[in-house]
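Asks: Provided herewith is a single structure, encoded as structure tokens, for subsequent inquiry.
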Number of protein chains: 4
Amino acid sequence: MSKRNSLQKRLYQIIFEHDTWEGRAFDVILILLILASVAAVMADSMADISARFGYHLYVLEWLFTILFTIEYILRLYSSPNAGYYARSFYGLIDLMAILPTYVSLIFPESRFLIVIRVLRVLRIFRILKLMEYVEEIEVLRSAIQSSWRRILVFLTIVLTVVLIVGSLMYLIEGPQAGYTSIPRSVYWAIVTVTTVGYGDITPLTPLGQALAAFLMILGYGLIAVPSGIVTIELGKEKQRRRRLNRVCPNCNQHGHDQDARFCKLCGAELESA
Amino acid sequence: MSKRNSLQKRLYQIIFEHDTWEGRAFDVILILLILASVAAVMADSMADISARFGYHLYVLEWLFTILFTIEYILRLYSSPNAGYYARSFYGLIDLMAILPTYVSLIFPESRFLIVIRVLRVLRIFRILKLMEYVEEIEVLRSAIQSSWRRILVFLTIVLTVVLIVGSLMYLIEGPQAGYTSIPRSVYWAIVTVTTVGYGDITPLTPLGQALAAFLMILGYGLIAVPSGIVTIELGKEKQRRRRLNRVCPNCNQHGHDQDARFCKLCGAELESA
Amino acid sequence: MSKRNSLQKRLYQIIFEHDTWEGRAFDVILILLILASVAAVMADSMADISARFGYHLYVLEWLFTILFTIEYILRLYSSPNAGYYARSFYGLIDLMAILPTYVSLIFPESRFLIVIRVLRVLRIFRILKLMEYVEEIEVLRSAIQSSWRRILVFLTIVLTVVLIVGSLMYLIEGPQAGYTSIPRSVYWAIVTVTTVGYGDITPLTPLGQALAAFLMILGYGLIAVPSGIVTIELGKEKQRRRRLNRVCPNCNQHGHDQDARFCKLCGAELESA
Amino acid sequence: MSKRNSLQKRLYQIIFEHDTWEGRAFDVILILLILASVAAVMADSMADISARFGYHLYVLEWLFTILFTIEYILRLYSSPNAGYYARSFYGLIDLMAILPTYVSLIFPESRFLIVIRVLRVLRIFRILKLMEYVEEIEVLRSAIQSSWRRILVFLTIVLTVVLIVGSLMYLIEGPQAGYTSIPRSVYWAIVTVTTVGYGDITPLTPLGQALAAFLMILGYGLIAVPSGIVTIELGKEKQRRRRLNRVCPNCNQHGHDQDARFCKLCGAELESA
């Protein structure tokens, strides 16, 4: 890293970090550019706007692409390990933000490229990570991570119920009510158990309606389970962080282990909460 | 404030405060007038009622407007700082409650004025603030305030998912299923992930239905996250208030700091909860 | 009460109480009769079943009515205070369970009487109160009672949002999209914010869809608030009951006050949780 | 059990247990086979896939059936008590996984047999029980078990509300809006209160819409009750397990009773949480 010249270091500070005012200004401008470019892609997909402002949006797209290309090159240049950056998750997202426009020069514009363009929005999370939101993300991530096994078991149960009830509805209602196959019936069961309820497929027979009502009440009640799991885990996560931030009431020493009962310096009893 | 005469002070007590029985009576009458005037605006928007009772509702509207105008003038008159009141949030709401009717004398009645009239309902919150509900509002507000950053991160994640899944559906289903543009597909994705499920746009292909099912289950599970966040914050807020209301078990002194461990008067240990 | 003969006392034990096996048997039979009679009313409202089994259901209805009439007379007879029973909530429900059938002899059968018949189902709650479920009901009732003010404030906020957004949609979308009046637009807003989403009225313009999306996300997030409130109150209610059931670790004395810190008999410190 | 030969014991280890690597490999292969066979049944129910790949799916179905038959015979052979296994819940599920294909040789293939085939998916839970997910299932099961009475009371209240509101809507809206019978109106009320909202039946009159709006807000608020119940129970269950895993701070002895306050070996005070 000592080989890097001062320009590289300076650029790294501005582009990758968040500590200087230039770094923060860069982040804010980048967020605005990303949002504007995604808005342009979305606007371009609307037939009437595309018909009227198609040319302006085309110019705008190239402007964003050139700006993001310059940014990408600067990132490669200033990064202490360009190869590592290029292969990282955010490096690939950065590349995917500029590639579609160049590809569209060779191949005719396709709908597929539009979706890749939308993935630019993922770049926002890198900036969020830099900003003060990192702890908030960390708490949520940690709570979900420590409860994912319980959520997986819950999902397996829900999907099994959905599969069995969907198959029963395929038997009870049949094709005339729209339950033309088991996958479609299972799709209906998921629409019902999650309380989405499109109404594109609905039971017509009293027996089918009774089974549907059972599934609705089940879904209505089962929603309590992930709520309970996440609430408990968030509470534990908060308590864990509170314990780690405890201060000794006697000598004001902090940095005690989570399960410490006494101050590691003066032996005074620590608060339990 | 010493320059104000006794009539101004008396009116201030009745109109702005809630401590005397006249003040409370004024508040109850005002709430009833506000609700009645909003009900009249709503009734007037219904074609059949407007055709039959249009004249009566017109008279009623002017009656409410005159009453609210008198109230507004009295508020300006009795307020210790009329300019400050006129520019305050509730002052502007009060003005907006009377302005549309006068404007409709000059310009022909428009639908836009109806909506401004409905904003009268916001005046109820001033009265709620006066009444005993202030602590309840405070607890809710405080719990939401201390969790808004976590909720913002949660919302950013949900909106990113919705944007990506919406774009994918635009690619998979296309215009024939109603996914005519990315904004419309994102609208569908929000309808789905929040489990609203209008059914005005629904996936038709098996692949689209599978992606929709994934989005539903995600929305069904993700609802646990704000639940967990708000529950934890409400619990903390309640505990904070309980700690502030602690009484020393030895000398019955109250008013201890939230983080106090010993009574500030006699030194006896306080309960922790 | 000493004037009541032994038959009255015996009947009271069986009909009103739940301590003897006859009392419990009476309750079980009564629950089955109530459910059967409600099922008969429901079946009779279905056109095809009514056409085929109308006569049987008519006979069955009279059988239930006569049985419930006998029960009502026995309740009046065995009750220590017949007048008090007759005017009580459950006394009126009992009367409403038999009256419609007799009224239908004089006036032709009307749909209104059917709904009154369905109210028979409320009689089940008296039996639930007798059975061991009383504490469960009590915990739920107590948690809801101590949180109703916070829920009222929450509801006022939601209804205000719904009123304003509904009026805005009336302005934005107008009659061609089904928003024909403010009450109907408010109905749509309630359908949306509660995540029900019938889809009978849906926004058609991009601006309307954006506002609808905002309302959906608000409703999706706001559901966390009642969840949080009820969870906290249920937790407090449980803790209160646990504190009331504390046993002194020294002398095994129970029945300590909720806020007691020391045993009222031997002075030993009680557990806090 | 001593009479069983070493082959039986070896097979039992592989098929019924999860401790050896062969046992774990067997479980993973079995899960994949079950999922593949259920996927084949689902694919076969889709008209276009069945038309094109019907023969391949038929062969595949027989392949799965033969494999599951061999597995069933091996389970019977290696089980220490074959009769007990055959009559157990999972024994019957195993039998139902192979029976439909053989029955279809005698009787023509019916839709009913398809649903029985889908029940194969239940076999996954035996394997989950074997794997490390057993504690997760146990926590969920235990939390639901200790709250089922409160949930039952809650369900009774919800179903009573749904029955009464459904009957009122039958009275208010009548057949022209789709409320053709009380059971159908109750079905609508369940669709509404659980916030599913198909939109296949919707109120048309202002009074009906007002009652529907009330039911929606009730359902939106009531969802907090099961959330609260399950959260509290999950929290208690976690605490109970934490108490059982407590270690004495003095002598490191573990295995203390849930309600123990002092170490059973050295008498040191245990932590309360």
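Asks: How many nm is it between the label spots at D:S6 and B:R261, if each spot is 7 Å from the Cα in line with the beta carbon?
Replies: 6.5 nm
Asks: Sticking with this structure for a sec: Can you return the aspartates and glutamates within cross-link range of B:K129? Criterion is Cα-Cα under 20 Å, with same-chain partners fewer than 8 residues away left out.
Replies: Within the straight-line cut-off, B:K129 pairs with B:E17, B:D19, B:E22, B:D27, B:E71, B:D94, B:E138, B:E237.
Asks: Taking all protein chains in place and a 1.4 Å probe, what share, in percent, of the accessible surface of the protein assembly as shown do carbon and sulfur account for?
Replies: Ligands and nucleic acids excluded, carbon and sulfur give 66 percent.
Asks: Give me P(r) over segment A:137-243, computed from all C-alpha to C-alpha distances, binned every 10 Å, as integer percentages.
Replies: Per 10 Å bin, starting at zero, the Cα-Cα P(r) for segment A:137-243 comes out as 15, 38, 22, 16, 8, 2, 0 percent.
Asks: Solvent-accessible area per residue for chain A at a 1.4 Å probe radius, Å²?
Replies: Each residue of chain A exposes 48 Å² on average to a 1.4 Å probe.
Asks: Can you list, largest first and rounded to whole Å, the semi-axes you get for segment C:17-69 by taking the square root of 5 times each eigenvalue of its Cα gyration tensor?
Replies: One finds semi-axes of 28, 10, 6 Å for segment C:17-69.
Asks: With N denoting the number of residues in segment A:223-273, provide Rg(C-alpha) divided by 2.2 N^0.38 Å, to two decimal places.
Replies: Normalised Cα radius of gyration, segment A:223-273: 1.46.
Asks: Largest first and to the nearest Å, give the Cα extent of the protein assembly as shown along each principal axis.
Replies: Taking max minus min along each principal axis of the Cα atoms, the protein assembly as shown gives 90, 90, 74 Å.
Asks: Evaluate E = 1/(1 + (r/R0)^6) for A:V59 and A:I93, where r is the Cβ-Cβ distance and R0 equals 25 Å; express this FRET efficiency to the nearest 0.05.
Replies: For R0 = 25 Å, the calculated efficiency reads 0.55.
Asks: Here's a follow-up. What 222 nm value per residue comes from the helices of chain A, counting each DSSP H run with n ≥ 4 as -39,500 (n - 2.57) and dividing by all residues, nearest 500 deg cm²/dmol?
Replies: Taking each H run of at least 4 residues, the total per residue is -24500 deg cm²/dmol.
Asks: Follow-up. Please tell me the relative contact order of segment C:3-133 in percent, rounded to the nearest whole number, where contacts are Cα pairs under 8 Å and at least six residues apart.
Replies: 28 percent
Asks: Taking square-rooted eigenvalues a ≥ b ≥ c of the alpha carbon gyration tensor, is chain D rounded, prolate or oblate, where a/c under 1.5 means rounded and, failing that, a/b exceeding b/c means prolate?
Replies: The shape class here is oblate.
Asks: Excluding residues on the same chain fewer than 8 positions from C:K238, give the lysines whose Cα lies under 16 Å from its Cα.
Replies: Answer for C:K238, where 16 Å is the Cα cut-off: B:K238, D:K236, D:K238, listed by chain and number.
Asks: Considering the alpha-carbon set of segment A:3-133 alone, what are its Rg and its Dmax in angstrom?
Replies: Rg, Dmax (Cα atoms, Å): 15.7, 54.
Asks: GNM on chain C, C-alpha springs below 10 Å: top fluctuator among C:R117, C:R150, C:R261?
Replies: Looking only at C:R117, C:R150, C:R261, the biggest GNM fluctuation is shown by C:R261.
Asks: If the reach is capped at under 19 angstrom between alpha carbons, list the aspartates and glutamates near B:K264, excluding any in the same chain fewer than eight residues apart.
Replies: A:E271
Asks: For segment D:74-160, state which GluC sites (Glu not before Pro) are in a DSSP loop and have at most 11 other beta carbons lying within 10 Å of their beta carbon.
Replies: Listed in order of number, the matching sites are D:E132.
Asks: What accessible area, summed over both chains, is buried at the D-C interface (1.4 Å probe, Å², nearest 100)?
Replies: About 4300 Å² of accessible surface is lost on pairing.
Asks: Could you run the Debye sum over the Cα atoms of segment C:2-47, one equal point scatterer each and no solvent, and tell me log10 of I(q)/I(0) at q = 0.26, 0.32 Å⁻¹, two decimals?
Replies: Log-scaled intensity ratios, in q order: -0.85, -1.02.
Asks: With Cβ to Cβ distances under 12 Å as the rule, what net charge do the other residues near D:G166 carry (K, R +1; D, E -1)?
Replies: 0
Asks: What Kirkwood Rh does segment D:84-180 have if only Cα atoms enter the pairwise 1/r average? Answer in Å.
Replies: In segment D:84-180 this quantity evaluates to 18.1 Å.
The values are calculated or read from the model by the stated rules, or taken from the named source; none is laboratory data. Remember, it's a predicted structure, so these values are computed and weren't measured experimentally. All Cβ positions, even for glycine, are placed from backbone atoms using ideal geometry, and neighbour counts span all protein chains on display. Quick note on the areas: whole protein, heavy atoms, side chains included, nothing else; ligands and nucleic acids left out. Shrake-Rupley method; radii C 1.70, N 1.55, O 1.52, S 1.80 Å.
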